[in-house]
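The values are calculated or read from the model by the stated rules, or taken from the named source; none is laboratory data. As the structure is a computational prediction, the values presented were derived from the model and not from experiment. Quick reminder, even Gly has a Cβ in these numbers, built from the backbone with ideal geometry, and neighbours come from all protein chains shown. Just the protein is used for accessible areas: all its heavy atoms, side chains included, with ligands, DNA and RNA removed. Shrake-Rupley method; radii C 1.70, N 1.55, O 1.52, S 1.80 Å.
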Amino acid sequence: MATKKYSTGNGLIRVGVMLCDFLIMNLLLFLAQKYNPKIYGIYPTYFLQDPRLTFTIANISMIISQISIGTIIHRRRTGLDEVFISVCKLCLLSNTIMFFCLRIIGESGGMFRFMVLFCFAEIILIFLSRIFEKLLIRFFRQAGRNTRTVLFVGNDPALLMLYRDLISDSSTGYKIKGYFADERMENCPEAIAYLGTMSDLKQKMKQYSITEDSVAPSSSTDINISRIDELFCSISHDANDEIVNLIRYCDKNVIHFFYVPRMEGNFLLNLQPEQLGETTVFTNHHEPLSHPINQFIKRSFDIVVSLVVCILLLPFIPIIALIIKSQSPGPLFFKQKRTGLNGKTFTCYKFRSMHVNADADRKQATKDDPRKFPFGEFIRHTNIDEFPQFFNVLKGDMSIVGPRPHMLAHTELYSDIIDKYMVRHFSLPGITGYAQVSGCRGETKEVWQMEERIKKDIWYIENWTFWLDIKIILLTAITLIIPDKKAY
């Protein structure tokens, strides 16, 4: 009987990364002990009196943190932002445990100041090591090691979207063998080989199995599907017998089975399980912000940040008002009715960036719009015109991050021609949003441009986290320094 040999590369990667973390922490603590007393004098005296205990507690703290937080760099779909957040959590937990343990048994003089600086330096060094480690993993997987072979079943466009995600980063190490379907995919890349019909797949399933001595592939284009690591299926639920047979085959041959939701028009039919008593039901929208704790976190953050911004903004309002009125007669603020949470209408505030005109409530700004005056164009490019919306946030009409609120004319227009358009109103609208920092900004000349925004708005609603909001805010803040070319 043949056996399936899975790569132990991920385990080795995790061990190597953890050992590197311990090395960095101990080296940093050693250098601080050796040089800080001579140069800066911030190393706590107690640490010098009993260095063995200090190093022991530091390493125990790191062990606890590694068990609790761990490392995610070995995962195949991990961005640097996720890696940085993971490093911050690891170092903060480790140093917090270390500080309280040493504080209980030792003197406190200078300890807090040192621990803050030590934690900051540790985060920087470990994150830099993660970047280097990620490059090594990419090289390792590009060389054909620690890879995962993938098979597609079906011809739904959702598989093409998945394919682009899997191969977009070469460090993931995915190798796409091809797909089986009764009809070929439309606009299918040449890299995804067509392997045959569903009947051909059934024959392969009978021919190859790791529990039996199977015949070797007869040609380079043939495939032993029992050697596949992951199988992604996207076929109709009507073919339930075929899906069940695939699941049984995958279980029998130690293959990870995934069902990819099919596309309805331009959207994935992404059903999420929920438990009602003893019955599992499926909903078409998973909303993290429906949970009270998440609502509390987001609303608290909105109130605190908005209060600070509004207080800091007050001294600048007279200056902005003077410049605006000197270039264009009319009010300081532009007020417009827009669609908010659950489709309700609210009044949105902005610094006025255009001359007073009759088209303000139905026509979008264009690149060389004659309605804009010079200072108005500047504040639009730098997002300064959006700052009065922090008052909307305090009122509860908006959040700092969320789908951008559209004018009523656009809501009426696009809700009729774009499927799921109104889903974006399941969340409070935002001053900035995921769509805006993902390149979907500016004038929407074509329907597909608005469709892309709606996709990203819905993705944000269904994948909200506090850290995602922080990331979006930071990316938006960059536009204050480097204006977005699409912001007009």
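Across region 385-488, how many lysine pairs, 8 or more positions apart or on different chains, have C-alpha atoms separated by under 23 Å? Please give the number.
Summing the qualifying lysine pairs gives 15.
Residues of region 348-419: accessible area per residue at 1.4 Å, in Å²?
On the way: 3150 Å² over 72 residues.
Heavy-atom accessible area per residue stands at 44 Å².
So how far apart, in nm, are the two label points at T347 and S438 if each is 7 Å from Cα heading toward Cβ?
About 3.3 nm, to one decimal.
Per residue, what volume in Å³ does the convex hull of the Cα atoms of region 406-452 enclose?
On the way: hull volume 4.1 nm³, N = 47.
Residue-normalised Cα hull volume stands at 87 Å³.
Which shape class applies to region 338-488: rounded if a/c is under 1.5, otherwise prolate when a/b exceeds b/c and oblate if not, where a ≥ b ≥ c are the square roots of the Cα gyration tensor eigenvalues? Mind dumping the intermediate values first?
Working: a/c = 1.40, a/b = 1.16, b/c = 1.20.
In terms of gyration-tensor shape, rounded.
Between K89 and M161, what's the calculated FRET efficiency when r is the beta-carbon distance and R0 is 30 Å? Round to 0.05. Walk me through the intermediate numbers first.
Working: r = 31 Å, r/R0 = 1.02.
Calculated transfer efficiency: 0.45.
Leaving ligands, DNA and RNA out of it, report the carbon-plus-sulfur percent of the accessible area of region 331-458 at a 1.4 Å probe. Write out the running numbers ahead of the final one.
On the way: 3060 of 5630 Å².
Roughly 54 percent, rounded to a whole number.
How long is the gain from E82 to V305 if the chain were fully straight, where each residue apart is worth 0.36 nm and the alpha carbon distance is subtracted?
Values: separation 223, 0.36 × 223 = 80.28 nm, distance 2.33 nm.
The span from E82 to V305 would gain 77.9 nm if fully extended.
Cross-link partners among lysines for K204, C-alpha distance below 24 Å, same-chain residues fewer than 8 apart left out?
Those lysines meeting the cut-off are K4, K5, K175, K177, K252.
Using R₀ = 41 Å, calculate the FRET efficiency as 1/(1 + (r/R₀)^6) where r is the Cβ-Cβ separation of I293 and D200; round to 0.05.
Numbers: r = 50 Å, r/R0 = 1.23.
Step by step, r from the Cβ atoms, then E = 0.25.
Just order 183-190, 381-388, 337-344 by mean Cβ neighbour count inside 10 Å, highest at the front, would you? List each step's numbers first, then the result.
Values: 183-190: 10.6, 381-388: 19.5, 337-344: 15.9.
Highest to lowest by the protection proxy: 381-388, 337-344, 183-190.
Can you pull the one-decimal nm distance between simple spin-label points at S415 and K363, each 7 Å off the Cα toward Cβ?
2.5 nm
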